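Reading through the structure tokens given below for one structure.
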Amino acid sequence: MEVILTVEHLRKHFSADPVLVDVSFQLRAGDKIGLVGPNGCGKTTLLNILAGREESEKGSIDKASGTSIGYLEQRPETASHRTVLEEAKRALAPLLEMQHEAEHLANQLAQTTDETELIRLAARYDRIHESLQRHDAYHLDHRIEKILHGVGFADDELTKPVVALSGGEMNRLSLAQLLLEEPDIMLLDEPSNHLDLLATEWLENFLHDTSAAVILVSHDRYFLDRVTNRTLELYHGTIDDYPGNFSKYTALKEERLNVQTRTYEKYIEEVEKAKEFIRRNHYGMKAAQAEDRRKKLERIMETPADPPRKIESPPMHFNKPSRTGDIVFRCEELSKGFTPGKPLFRDLTFDIERGQRWAILGPNGCGKTTLLRCLLNEIAPDAGKTVHGQGLKIGYFDQQLHVLDDSMQVVDAIRPVTKKIFEEPARRNLLGAFGLTGDQQLQTVASLSGGQRCRAALAKLSAEDANVLILDEPTNHLDLWARAALEKAVRDFEGTVLFISHDRYFVDRVADHLLIIQPDARFKTLEGNYSTFRHMVSKGLMADPFLTDAFSDRKAAGGVGKAMVSTIRQNQRRNHQEPDALKTDAKQRETKQKEVKQKETEKQKTKTEKSPTAQPFSAVKKHKEPLRKEEHWKNQQGKTGETVPLDGTKPKKEKKVRKFPFRKIHEIEEEIFARETQIMAWNEDLLRPEIARDGERTKAIHLEIKEEQDKIALLYEHWEEASELNW
């Protein structure tokens, strides 16, 4: 593909240490790049330089002629009295001006009589008309509303003045403007912030389908996996380039890190051996050899091996929990609401057993946090009750981080009330395990960043030695490596976990049970993770609470909202398509079923034609005298080609022997469906990164699929036989 942007040797300082040391890469048309790196590594600085908002101290940026760049920053600032719709239209100002010019030219063409002027105006009109068609500019109103609805604006919010928007709404409006403009290169800094799940999935589909090149900074690993096809890692001021999405990057990163580690260790070993040889033999009989080694050592050290580019994840952990009862929480007919007649949830009944990890899924405002507070007995339910099991020590992480005292130093703020003896060195070590080191431990809680406060709250949770963890959005403000560390800590925790998270990747990796809000204010329980939930929704086996919420709140005039929901449903089905091999099997089965049905139809038609009673009444009436027995069978012989005995009797047909035992057709069809569903589940497992990296597990799944396909082939033969013989 054509290279549209070339970046070479960028360098940038803000203090004594450089943020960017030597950044170089190329961007090709259609690339979807994920820019990853730990907090503070310079990702936003690099985007600002690419967008022309900051200057680099060194290096160059060359873009292809006519290439446009659009930038979505984290905190846009716009003070305008225009409405949301009017502000969004400004992104399409060039096309709107072109439309007005086309209308003006059309009027001039209708009035001009000068032939030369007519030719000039017609040529200009044709060029503008072609450009408008190429940019689909004759459907701008529909396009604007579609994108505004896509990022989460309801119809009644389109007339809202921009000055009245919240920070999150302002972010969504800026995103809509950039998507409407659709420049050749999109620079996106955390675009999914402030979007609900429906809008996030819509944005994933939009970025996947757009022809524009994209450089994306995001902490949403699921979002990166769905959108990107290339990953740039920014670390220590330099760039490493990886093909593939985030999951592919993590696998390749591990392989590359192993090679770098071995190379660096070998280099260090050679240097140390050379130094030792020189030290021991510098003045002895081997002085000449030592001098030779010294010269070689100088040459080696002129081009030293780079140390491994290892981005350290904080070694988060939760202490080994004490044992609880087998049932940790029991909810019976639980209901709660704050508006009369509109419960958040009702008739909720479920058990959480020891060692299980439950995630609560649902759109914003559906009562997820309220349910947690009911379980903690912080608020009373309207009906029903909650029962706690034996021996519970609950640790609660609330998303507002109220567990920390802003006025205290971090090292003191994490001390739990239940521990009288918890010395400062132990607290410092614990904070270090959660990524807070050095002077950060002595700062006041109020001076910490959002990510640092989150780590401190998790450290305090670990210090409490809880055997039940209740976590409300624990991944907020954490970078990719901290999220991975928290995942591992929660998965290794031997106690019980109940959590809320909008991080789909976190839910996918951690949860083994789901509690899902449904449209009727009831919850549905599901054994599995986020992938299980999406599979059930895509197959129509479960309502999508996020889609239902969007349909009710964002219904647009004239059916635009319905069209948007329909489009999202189609995109969801597309994003959960079956693998190619499974599609081929399905097509073959469909073809086979059609052939069998066609044979049955032809057979029935033949029987109908053969049957005397099938003749029209008028035709039967013409036979005034019945045919003699011999003549009747001769006629039948002429039609069917059967050999008729001389006595005129009908030959006896041999009874067809069954190959399979008798079964009802619908039972066979149900078994086929169940086995095909199992194959689909296995094929989806093969797409999961952790299984794709496990060769033995992948091989075992392929064998299971092969065995199941063989059984399905036999079932289709059984179905054909049953269709013929089960009369």
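The values are calculated or read from the model by the stated rules, or taken from the named source; none is laboratory data. Predicted, not measured: the structure shown is a model, and the values here were computed from it. For neighbour counting, all protein chains shown are included, and Cβ atoms are generated from backbone atoms with ideal geometry for every residue, glycine included. Please note that ligands, DNA and RNA were not included when accessible areas were found on the heavy atoms of the full protein model with its side chains. Shrake-Rupley method; radii C 1.70, N 1.55, O 1.52, S 1.80 Å.
The set of residues in segment 687-724 that are basic (Lys, Arg) and open to solvent by 70 Å² or more (accessible area, probe 1.4 Å) comprises 693, 697, 699, 706, 711.
Is it fair to say residue 334 is within 22 Å of residue 373 (Cα to Cα) and not hydroxyl-bearing (Ser, Thr, Tyr)? It is true that residue 334 is within 22 Å of residue 373 (Cα to Cα) and not hydroxyl-bearing (Ser, Thr, Tyr).
Quick grid of which residues meet (1) over 46 Å from the mean Cα position of the chain (by Cα); (2) modelled with pLDDT of 90 or more; (3) in a strand (DSSP E or B):
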site	(1), (2), (3)
231	no, yes, yes
241	no, yes, yes
248	no, yes, no
251	no, yes, no
259	no, yes, no
263	no, yes, no
276	yes, no, no
290	yes, no, no
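Filtering segment 249-265 to residues that are in contact (Cβ under 8 Å) with a residue 60 or more places away in the chain and open to solvent by 40 Å² or more (accessible area, probe 1.4 Å) leaves only 250. Quick check: is even one residue across segment 517-524 surrounded by 22 or more Cβ atoms within 10 Å (Cβ to Cβ) and modelled with pLDDT of 90 or more? Scanning segment 517-524, I find no residue that is surrounded by 22 or more Cβ atoms within 10 Å (Cβ to Cβ) and modelled with pLDDT of 90 or more, so the answer is no.
Conditions tested, residue by residue: (1) modelled with pLDDT of 90 or more; (2) in contact with a Cys (Cβ under 7 Å, 6 or more places away or on another chain); (3) surrounded by fewer than 21 Cβ atoms within 10 Å (Cβ to Cβ).
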site: 164; (1), (2), (3): no, no, yes
site: 168; (1), (2), (3): no, no, yes
site: 171; (1), (2), (3): no, no, no
site: 184; (1), (2), (3): yes, no, yes
site: 187; (1), (2), (3): yes, no, no
site: 203; (1), (2), (3): yes, no, no
site: 217; (1), (2), (3): yes, no, no
site: 227; (1), (2), (3): yes, no, no
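Of the strands (runs of 3 or more DSSP E) that lie entirely inside segment 1-79, those containing 2 or more residues that are open to solvent by 20 Å² or more (accessible area, probe 1.4 Å) span 3-13, 18-28, 58-63, 69-72. Here residue 540 does not qualify as among the small types (Gly, Ala, Ser) and open to solvent by less than 10 Å² (accessible area, probe 1.4 Å).
Of the residues making up segment 266-303, those that are open to solvent by 70 Å² or more (accessible area, probe 1.4 Å) and closer than 24 Å to residue 237 by Cβ are 301, 302, 303. Of the helices (runs of 4 or more DSSP H) lying entirely inside segment 387-504, those containing at least 1 residues that are of a type in the set (S, T, N, Q), under 30 Å from residue 233 (Cα atoms) and modelled with pLDDT of 90 or more span 424-433. Just one of the numbered conditions (1) under 24 Å from the mean Cα position of the chain (by Cα); (2) touching a residue at least 40 places away in the same chain (Cβ under 8 Å); (3) surrounded by 13 or more Cβ atoms within 10 Å (Cβ to Cβ) is not true of residue 663: (1). Only residues that are touching a strand residue (DSSP E or B) at 6+ places or on another chain (Cβ under 6 Å), closer than 24 Å to residue 219 by Cβ and among the charged types (D, E, K, R) were counted across segment 1-37, and they come to 3.
Across segment 441-457, the qualifying residues are those that are open to solvent by 50 Å² or more (accessible area, probe 1.4 Å) and touching a residue at least 12 places away in the same chain (Cβ under 8 Å), and the one among them that is nearest to the chain's Cα centre (by Cα) is 449. Please specify each residue of segment 485-511 satisfying the condition of being surrounded by fewer than 20 Cβ atoms within 10 Å (Cβ to Cβ) and within 18 Å of the chain's Cα centre (by Cα). Correct list: 502 only. Of all the criteria given as (1) in contact (Cβ under 8 Å) with a residue 12 or more places away in the chain; (2) among the aliphatic types (A, V, I, L, M); (3) under 30 Å from residue 236 (Cβ atoms), the one not satisfied by residue 328 is (3).
Right, residue 142: open to solvent by 20 Å² or more (accessible area, probe 1.4 Å), part of a helix (DSSP H, G or I) and not basic (Lys, Arg) or not? For residue 142, the condition - open to solvent by 20 Å² or more (accessible area, probe 1.4 Å), part of a helix (DSSP H, G or I) and not basic (Lys, Arg) - is met. Taken over segment 90-133, the criterion of being surrounded by 12 or more Cβ atoms within 10 Å (Cβ to Cβ) and among the polar types (S, T, N, Q) is satisfied by 99, 108, 112, 131. Suppose the filter is surrounded by 14 or more Cβ atoms within 10 Å (Cβ to Cβ), basic (Lys, Arg) and touching a strand residue (DSSP E or B) at 6+ places or on another chain (Cβ under 9 Å); does residue 385 pass it? In short, no. Only residues that are open to solvent by 40 Å² or more (accessible area, probe 1.4 Å) and either within 20 Å of residue 326 (Cα to Cα) or touching a helix residue (DSSP H, G or I) at 6+ places or on another chain (Cβ under 6 Å) (or both) were counted across segment 345-376, and they come to 5. Count of segment 410-434 residues, restricted to those that are of a type in the set (Gly, Ala, Ser), farther than 17 Å from residue 485 by Cβ and in contact (Cβ under 8 Å) with a residue 40 or more places away in the chain, is 1.
When the criteria are applied in full, residue 672 meets the requirement of being under 30 Å from residue 537 (Cβ atoms) and at pLDDT 80 or above. Residue 657 meets each of the listed conditions (1) closer than 30 Å to residue 250 by Cα; (2) at pLDDT below 80; (3) surrounded by fewer than 14 Cβ atoms within 10 Å (Cβ to Cβ); (4) of a type in the set (A, V, I, L, M, F, W, C) apart from (1).
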